[in-house]
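What follows is a set of notes on a single structure, which appears directly below.
The values are calculated or read from the model by the stated rules, or taken from the named source; none is laboratory data. As the structure is a computational prediction, the values presented were derived from the model and not from experiment. Please note: Cβ atoms are built from the backbone with ideal geometry, for glycine as well, and neighbour counts cover all protein chains shown.
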Amino acid sequence: MSDDEILEIGEELAKQPHDAYFKDFFSDQGHAISFFQGHLPEKVARLVRWETLAVVPGSFVGTDLKQTHSDLLFTIETTGDRALMLYLVFEHQSRVDKSMPVRLLGYQYEILQDHFEKHGSPLPPVVCYVLHQGPEEWTVTQRFEDLFEIPEGEQQALLEYLPKFRYALLDLSQADPGKEEGDAQLRIGLQLMKLAREKQTIAFFQWLNEVFGDRCDSFPEHFIEKALLYAYCTDDTLDVETVYRSFEGSPKTQKKAMSFAEKLIEQGKAEGENRGVLLGKVQLLEEMVGVGVDSKASLAEMDVAGLEVRFRELEAVYKERFR
C-alpha cells in the first residue's frame with residue numbers, strides 16, 4: 001500500500017475519523033485476535049480457535065447512528081467446530097448511550113435474521129462487545145434483564161419469557177491501555193483512540209517515543225502512517241515539528257513520518273485552494289441567478305463535495321435561464 005493509497009483512506013478519516021480508524025484497525029485479523037484474547041471473558045476465550053477469526057462484511061448500525069456508532073461482526077469457530085459470532089460495537093458519542101442494551105438486542109436480531117435467511121438453523125451464538133471511547137464513564141448496565149423492574153414475587157413466573165443476555169465492555173475513559181495492554185500494536189492503537197478522543201495527540205506521540213523508541217521502526221509498513229493520519233484528522237493543533245521530534249529515536253520512522261506529513265500538508269493546501277475556487281464560483285452564480293443565496297456561514301460549513309453539488313445545481317439554473 002502506497003502513501004497515496006493511505007491518503008485515499010484519509011478521505012474517509014476526514015469525514016468520520018473515529019469510525020474509519022476503528023474499522024481499519026480492527027479489520028486486521030491480528031489486531032482483532034489480540035483484542036478479543038485479552039478482553040473477552042476467559043471462559044469464552046477458551047472455547048474458540050483464534051486462527052479461524054474472520055470479518056463479516058457489512059454493518060448493522062442504522063444510518064441515524066453512524067455519526068456516533070460503528071460496528072464489526074466476526075465469525076469464529078469453537079473448539080467443538082461450531083460457529084460463533086463476535087459483535088464489536090464502537091461507541092464514541094459525548095454522552096453515554098443508555099439505550100445500548102436495547103440497541104444490542106436489535107442488532108442481535110438483525111444478525112440472526114440475516115443468518116437464518118441465508119443458512120437456516122441452527123443459529124450461532126452472538127457475543128456482543130462494546131468499546132466505549134466517549135469522555136464519560138460508562139454507567140449503563142451490562143445485563144439486559146436489569147432493564148426490567150419486576151417485583152420479586154413475579155420474577156419466577158416472568159423472567160424465563162424475557163430476553164436475557166450480557167455484553168462485554170471496555171471503557172476507554174476508565175482504562176489505561178498504555179500500561180494495561182500486552183500486545184504492542186493493540187497498546188498503541190487503543191492508546192491513540194483514547195487520547196485522540198481527548199484531543200491529546202501530542203501527548204500520544206510523546207508517549208510513543210518514550211515507551212517504544214527505535215522499536216517504532218519494526219512496526220508493519222504504514223502502521224505509523226495510519227496513526228498519523230488519524231491524529232491529524234482529529235486534532236488540528238498537531239504540528240509537523242512535534243511529530244518529527246517524537247520519533248528522534250527511530251530514524252526510519254522519523255523520515256517516513258516527515259515525508260507523509262509533508263504530503264498531508266500539500267494535500268490540505270490543494271484541497272483548500274480547490275475549495276476556495278469553488279466557494280467563489282458558488283457565490284458568484286448565486287448572485288447572478290438571484291436564487292437561494294446562502295449565508296457565508298452555511299457555505300463555510302460545506303465541504304468540497306457539498307460545494308460541487310451546489311455549483312452544479314446553480315450552473316444548471318444559469319444555463320436554463322440564459323441559454
For this session: Could you pull out the residue among Lys164, Lys199 that is within 17 Å of the chain's Cα centre (by Cα), not small (Gly, Ala, Ser) and not in a helix (DSSP H, G or I)?
Result: Lys199
For this session: State which residue pairs qualify: first residue within 13 Å of Gly189 (Cα to Cα) and in contact (Cβ under 8 Å) with a residue 40 or more places away in the chain and inside the range 215-228, second residue assigned to a helix (DSSP H, G or I) and of a type in the set (Ser, Thr, Tyr) in any location, beta carbons under 8 Å apart, and separation of 6 or more residues or different chains.
Result: Lys226/Tyr21
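Working carefully through the options Lys226, Lys199, Lys252, find the one that is at pLDDT 85 or above, basic (Lys, Arg), surrounded by fewer than 23 Cβ atoms within 10 Å (Cβ to Cβ) and at negative phi. Don't jump to the end; show me each part of the working.
On the way: Lys199 fails: at negative phi; Lys252 fails: at pLDDT 85 or above.
When all the criteria are applied, what remains is Lys226.
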Problem set entry | Failed condition for Glu145, given (1) among the acidic types (Asp, Glu); (2) surrounded by 12 or more Cβ atoms within 10 Å (Cβ to Cβ); (3) touching a residue at least 24 places away in the same chain (Cβ under 8 Å) | (3)
